[in-house]
Amino acid sequence: MSKNLKITLGAIYLFILISFLYFLFSKFDISRIDDFSYYKLIQANIDEFIGKSLILNLTLFFAFSIIWIMLLGFGSPILLLSGILFGKWLGTFISTISISIGALFLYIIAKFFFKDFVNFLLKDKFGKYIDRFQQNEFYYFLAFRFSGGLGIPFGLQNVLPVIFNIKNSNYFFASFLGFIPHFFIWNAVGSGINNFIRGSDSFNFTNLIMNKEIYIPILIFLIFVSISILVKKYFFK
């Protein structure tokens, strides 16, 4: 593929990304961001909309999540949203599959169109891990995902493996398995927030944090953070 064609396709990709983000965030009424009744209205509309056709909405969310991740979107908003929309169990299932697929597509795109650019940006910083990853790429990439990506921003986590040239199958299954614990926690928090909004007449931060559907997942998250630190030290000294 010629260099000019790669640049053109890359520019089109960036244009789609910017347009998509603008369209998404333009739908929120920023002026009512501190109005709790606005969130109760959104929550009620969501419950009504989801209840009309669960399968259709799961399909739409599945497609949306894949596109969002392909466009370098953050992972946590999608996870909270899936918990709010579908609850912690179904939300974990649909978000883990869709985000794993979206991350794989992003990896394939980055490897095909931006391999030289990614290597230029990241190879010097992470090159010391290349030999280790090549010894057992699935094992180490699973540890990388389980450890939260070593604190690297999610979009960058998904393209970083370009420098290791990980097989697509290893990339997907290591991502899927490594995502599950963290994704369940985020979905549980999202589900807890949804239930709190449904059952409250006004917002109180203390009541929100003291809700067992919120503080228990947060405590579990802190435990996983501690485990992730140990994994990071053991596998990525």
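Of Val159, Val118, Val189, the sequence from fewest to most neighbouring Cβ atoms within 10 angstrom is Val118, Val159, Val189. Each of Leu177 and Ser226 was given a label point 7 Å from its Cα along the Cα-to-Cβ line. The distance between the two points is 2.5 nm.
Each reported figure results from applying straightforward, stated rules to the coordinates on display, with no laboratory input. Note that the structure is a prediction, hence the values are computed from the model and not measured. Because the Cβ atoms are built from the backbone with ideal geometry, glycine has one as well, and the counts that use them run over all protein chains shown.
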